[in-house]
Amino acid sequence: MASRINTNFTLIPNQKLRRSNRQTSCCSKTLGSGFQPISTFGNFKALPLEIFQIILKYLSVKDISMLSMVSKTVSQHIINYISTSSGSKRLLLQDFHNLELPDRRQDSAILEHYRSLGLLFKRCTLLLPTKERLKYIHKILTEVSCFKFNGCAAPMQCLGLTCYGTFLQTLTAGWDELECHRVYNFLCELTNLCRKMQMAVCSKPGSARKLELRIRLFCRNVLLDHWTHRSDSAFWLTRILKPWPMVNQARLLYIIFGPISPQDGQVDWQKMIEEPTDEFSLKGLADAIKLLYDASTKEWTADDVISLVDELSVVPREWLLENNARLLMLSGNNICFTFMASKAVNGRTIELARLIVFLALVCEKELYCMDWTVNMMQKVCKVFSTPVERNNFLQNVANAFACVIMEMLQSIMSGDRDEDDRSFLNLFHLVHAQANFHKEVLYLTMNTSLSA
């Protein structure tokens, strides 16, 4: 009897196992031969493709992005979904001109959407060569007219290029330099960007205002403004500038980062040569110069950047020295000193002395510490190799203060009433700047002599 009980117990699991095998065999017959093995498609094997795409409609872009990493087969089905009219309509949002929501919440929402979409494309196309990835992505995004160089009729009120830049930044984050070179070359070929830049830099400044604006918006919104690491921004800015000679680099830098008109957002070519400007108008240029100077790359030496600054100061014509001085101060101590030391080494002491005067004027206007200018002059003095050269430079500084004051006084005497008011205020600041400058020099001299 005990023998029969043992036999029954041993038969139960065998029966269950056989029943399980029959169910699996039955299911495999009903699924058909068009489905992938369960190891590559998981539990989605039992779902018709139409049902799978319906499920995707209920998932966020981030969730679809995560799902795409399950397997190659799932990723391929998601790529197919993106290519459908319903998928592209849902994923390629084009509400780039809706400014109804307060606090720019609409802007943040659509930018976050394209950031997530960039991650989705990054994961879906992971196994493709870079060239094929770019071709596929262009094929999908070509439906969005606002992503094109000349695609939007109102580019200043459009978030299209900004969303495109956010998408590309997420897509290419972590790619090596060779792949990023291919991306830049692909975009240049796609938009004919190099040809457009050549037209802009070879034309008279301001004669192709719409083209200048398009170049500025494309370079800033697509290529430059979305990177969190300065090295990435320097890489893309280098790709834009380096193919061109120095004079064209300066023109491009002004087009991309220079001051703009508050009325239409177009590049303001007269602002630096007609009147003193503010820090806001120069901040973009100063940040770009610092970016190139600090770039840990062999493509930019200190001499390259200083030559670029020197060339920039005559675009489109020679700037007011006050604007030049303000740009140098915003660019940082290292760039300012290197620029001034370069003039000292090359014997341009009269230009250097006048620059010292306007550095003092900017310090006075902006309520900066005047000892900064005095210390900068003291460092420059050490560049001169002989006491005679150093004393000659100091004499030029004193003469420059007198000459600039007389020039401003003559401007007041010969100008109209409105210009008189501005010139008189400028003269007022310069006289105070001279007094504070010499006060700091006296402090430095007396402290040195007393300590000795």
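The values are calculated or read from the model by the stated rules, or taken from the named source; none is laboratory data. Keep in mind the model is a prediction, meaning the values are calculated, not measured. Cβ sites come from the backbone with ideal geometry, for glycine too, and all protein chains shown count toward neighbours. Just so you know, the surface numbers come from the protein's heavy atoms only, side chains and all, with ligands and any DNA or RNA stripped out. Shrake-Rupley method; radii C 1.70, N 1.55, O 1.52, S 1.80 Å.
A few notes on this one:
- Candidate set from the range 355-400 (those that are within 21 Å of M329 (Cβ to Cβ) and among the charged types (D, E, K, R)); member that is most open to solvent (accessible area, probe 1.4 Å): K382
- Applying the criterion of at least 2 residues that are of a type in the set (D, E, K, R) and closer than 21 Å to G174 by Cα to the helices (runs of 4 or more DSSP H) found wholly in the range 67-146 leaves 105-124, 130-141.
- Yes/no for T166 being in contact (Cβ under 8 Å) with a residue 60 or more places away in the chain, surrounded by 15 or more Cβ atoms within 10 Å (Cβ to Cβ), within 21 Å of D225 (Cα to Cα) and β-branched (V, I, T): yes
- Beta carbons closer than 7 Å, at least 6 apart along the sequence or on distinct chains, pair a first residue in the range 185-203 that is surrounded by 14 or more Cβ atoms within 10 Å (Cβ to Cβ) with a second that is of a type in the set (D, E) for A200/E212.
- Tabulated pairs, the range 204-217, first free of Cβ contacts under 8 Å to residues at least 40 places away in the same chain, second in a helix (DSSP H, G or I), C-beta under 7 angstrom, 6+ apart or interchain: A208/M199; A208/A200; L211/K196; L211/M199; L211/A200
- Failed criterion for F384 (all others in (1) part of a helix (DSSP H, G or I); (2) farther than 20 Å from A325 by Cα; (3) modelled with pLDDT of 95 or more hold): (1)
- C403 vs. criteria in contact with a Phe, Trp or Tyr (Cβ under 9 Å, 6 or more places away or on another chain), in a helix (DSSP H, G or I) and surrounded by 12 or more Cβ atoms within 10 Å (Cβ to Cβ): no
- The single condition from (1) open to solvent by 20 Å² or more (accessible area, probe 1.4 Å); (2) modelled with pLDDT of 95 or more; (3) farther than 25 Å from M408 by Cβ; (4) in contact with a Lys or Arg (Cβ under 8 Å, 6 or more places away or on another chain) that L321 fails is (3).
- For the range 262-276, residues that are surrounded by 14 or more Cβ atoms within 10 Å (Cβ to Cβ), charged (D, E, K, R) and assigned to a loop (DSSP other than H, G, I, E, B) total 1.
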